[in-house]
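The structure appears below as structure tokens.
The values are calculated or read from the model by the stated rules, or taken from the named source; none is laboratory data. These numbers come from a predicted model, not from an experiment. Here the Cβ positions follow ideal geometry from the backbone for every residue, glycine too, while neighbour counts run over all protein chains shown.
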Amino acid sequence: MTAITKDEIKDLIEKSYKNRKTMINLISRGDGHIGGAFSSMDILTVLYNKILKINPKNPTWDSRDVFLLSAAHKAVGLYVVLQSMGYFEEDILWTYYDLNTKIPTHPDSKLLAGIDFSFGSLGHGLSVGSGIALAFKKMNLNRKVFVLMGDAEACEGSVWEAVIGASTHNLDNLIVVIDVNRLACEDFLEDEVKILPYEDKYRDFGWSVRTIDGHNFFQIHKALSEAPYEEKKPTCIVANTIKAKGVDFCENLQKYHHWSPSKEDVLKAIESIEKCRIKEIAKHDCKK
């Protein structure tokens, strides 16, 4: 692994917070899942800018890595990142919430370049990812599959079937990142279901596991770039995050799981995002 520099980290922070400003303007056109889209934005920014083997000019390149947004309600974040990488023109972004848009509230692989699989209901991404990773193994292809899941999503039974299957088939080309913002759509996850912590459960099922701060760009890059950690073991990265990270009056509040901001809300949110950007730049100047 090539170590990432502070200048590269600063560039990633700038991109991530620019993406947040775009997102808040997009969801003001109707509504959107700000909580999860904002908590996972730093992870998505590092993935697409530094980790994934991709070619935005050739989205179906047959040697590319595959990314699956299993937590499909966070799609507005993925759209903004894909557009920033050059997968499609910016004009398409501003059709969000329009009739017949190519960027509906859940991603559709038939509508937009860069979407490898369509998802809606939660709990399917890890099963799909396991199947793709197994196919790559069978064909001796040097390609990885990355799956981003939400923490509440991990309550789905199909997730655990996939967890068992992935380790059974030694899928060390499969990397799952769990966005652990600890808030489901109605309440804090630990108050709804006894599933935390994830680390022991994944290890018990034969996975290699690492826990990170999902907003520390050094840690995100290191965890993603070093995967897989063990031969013949799939990788689970438990990323502890803050729901709605970057908008101080929305952070860690259930009512901002899904939101339709007013014009006044947008201005207030952008001011908060800018303050958070400055703090993150200062923090990463001296922290690894």
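Quick look at the numbers
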| read-out | value |
| --- | --- |
| Failed item, numbered, when Ser84 is tested on (1) part of a loop (DSSP other than H, G, I, E, B); (2) of a type in the set (Gly, Ala, Ser); (3) under 15 Å from Leu26 (Cα atoms) | (1) |
| Subset of the stretch 79-114 (residues that are among the aliphatic types (A, V, I, L, M), closer than 20 Å to Tyr48 by Cβ and either without any contact (Cβ under 8 Å) to a residue 40 or more places away in the chain or surrounded by fewer than 19 Cβ atoms within 10 Å (Cβ to Cβ) (or both)) | Leu82, Met85, Ile92, Ile103, Leu111, Leu112, Ala113 |
| Any hit, the stretch 240-254, residues being at pLDDT below 90, surrounded by 19 or more Cβ atoms within 10 Å (Cβ to Cβ) and hydroxyl-bearing (Ser, Thr, Tyr) | no |
| Residue in the stretch 36-49 that is assigned to a loop (DSSP other than H, G, I, E, B), closer than 20 Å to Ser225 by Cβ and either in contact with a helix residue (DSSP H, G or I) (Cβ under 9 Å, 6 or more places away or on another chain) or at pLDDT 95 or above (or both) present | yes |
| Which listed residue, of Glu231, Glu280, is loosely packed, with under 15 Cβ neighbours inside 10 Å and either of a type in the set (A, V, I, L, M, F, W, C) or within 30 Å of Val145 (Cα to Cα) (or both) | Glu231 |
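Yes or no, residue by residue, for (1) in contact (Cβ under 8 Å) with a residue 60 or more places away in the chain; (2) surrounded by 24 or more Cβ atoms within 10 Å (Cβ to Cβ); (3) not basic (Lys, Arg):
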position	(1), (2), (3)
Ala3	no, no, yes
Asp11	no, no, yes
Lys15	yes, no, no
Asn25	yes, no, yes
Ile34	yes, yes, yes
Phe38	yes, yes, yes
Leu47	yes, no, yes
Ile51	yes, no, yes
Asp62	no, no, yes
